[in-house]
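Below is one structure; the comments refer to it alone.
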Amino acid sequence: KMKEFYARHYVPSAMNISIVGRQNTKRTLELLEKYFGTIPARKAEFFPTVIEPAQKGERRVSVSFDAKPYLMIGWHKPTLPSKDDYVCDLISTMLAEGRTSRLYRSLVVEKKIVSSIDAGNGFPGARYDNLFVIDAEPKEGVSASDVEAAIYDEVAKLAREVTKEELDQARLRISSDRIFKLDSNLGIARELNYYATVTGDWRYAASYRGRLEEVTVDDVRKALAAYFIPENRTVGTLVSSPSKKGE
């Protein structure tokens, strides 16, 4: 089945190749023709695009497992090139990127109720509308419900307290991280190829910083009010349940 899937979907018409750095263009094209030109041409078979209906109520799932407790919260949101996707990148940075972020300061340093916490925009992928996810590992003796409540408090505080200065700091952090990704030919090739494949246009990589600059404090508040609401979220909890001997 794996071979069949590969043969059906990994075809030249679905392929993007990025080449970065000093090179002999004629020789490069010859090598590409040698190694890729012999692959039989086939039309790519794409999965049908399905628009997921809006979630109209909170969903919760709890799984018992022989592992430390864990909490994940996901909110539905649009993908790029929606402006709200850029906004959520900034929200993610303000909430959980680095030791000065809101969630780290509050839940790790001050309240000491989690061992780790993270936030990510675009889960599980960026081609279609996706999730903004916050995940955390409660400290021993701390309930997942207490951690969950603390996370919601910090999200609400961000909506009330966010300032242009904090937004500018998040913009600077994202821009710095993206620049470091481009410190090698491999990094540049990966960045260009990713956006060429996902969005159909590598220029998204070049326009990203400008779109971040357009985001305002009001945009952040509107996105939080629109997406970070109970009826739009799914909460998953991993409950520690030691396995019995012999099982």
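Here is the link list: 1/83; 77/112; 1/139; 77/157; 56/181; 3/34. Which ones come out longer than 32 Å on Cα distance? With Cα atoms farther than 32 Å apart: 1/83; 1/139; 56/181.
I'd like the per residue volume of the convex hull spanned by the Cα atoms of segment 102-170, given in cubic angstrom.
That works out to 111 Å³ per residue.
Probing with 1.4 Å while keeping every protein chain in the model, the per residue accessible area of segment 42-89 equals 69 Å². A crude spin-label estimate for the pair residue 16 and residue 67, with each label 7 Å from Cα along the Cβ direction, gives 3.1 nm. Once the Cβ-Cβ distance of residue 209 and residue 184 is raised to the sixth power relative to R0 = 22 Å, the FRET efficiency obtained is 0.70. Expressed to the nearest 5 percent, the antiparallel share of DSSP beta bridges inside segment 95-184 is 100 percent.
Share of carbon and sulfur in the accessible area of segment 10-160 stands at 56%, probe radius 1.4 Å. Modelled label positions at residue 38 and residue 202, each set 7 Å beyond Cα in the direction of Cβ, lie 2.7 nm from each other. Counting only DSSP beta bridges whose two residues both lie in the chain, roughly 75 percent are antiparallel.
If you take the Cα centroid of segment 27-51 and the Cα centroid of segment 1-16, the two points sit 9 Å apart. Using the Stokes-Einstein relation with a Kirkwood hydrodynamic radius computed over Cα pairs, the translational diffusion coefficient of segment 165-236 at 37 °C and a viscosity of 0.692 mPa s comes to 227 µm²/s. Peptides 234-241, 200-207 ranked from most to least packed by the mean count of surrounding Cβ atoms within 10 Å: 234-241, 200-207.
Derived from the Cα gyration tensor, the three semi-axes of the equivalent ellipsoid of the chain are 37, 25, 18 Å, largest first. From the Kirkwood radius over Cα pairs of segment 51-90, Stokes-Einstein at 4 °C and 1.567 mPa s returns a whole-number translational diffusion coefficient of 97 µm²/s. Taking amide H as placed 1.01 Å from N in the peptide plane, residue 139 has its amide H under 5 Å from the amide H of 114, 115, each at least 5 places away in sequence or on another chain.
What value, in deg cm²/dmol to 500, does the helix sum -39500 (n - 2.57) over DSSP H runs of n ≥ 4 give at 222 nm once divided by the residues of the chain?
On the way: 8 runs with 105 residues, N = 247.
For the chain, the value works out to -13500 deg cm²/dmol.
The values are calculated or read from the model by the stated rules, or taken from the named source; none is laboratory data. Everything numeric here is computed off the predicted structure, so don't read it as measured data. We place every Cβ from the backbone using ideal geometry, glycine too, and count neighbours over all the protein chains shown. Side chains included, ligands, DNA and RNA excluded: accessible areas come from the protein's heavy atoms. Shrake-Rupley method; radii C 1.70, N 1.55, O 1.52, S 1.80 Å.
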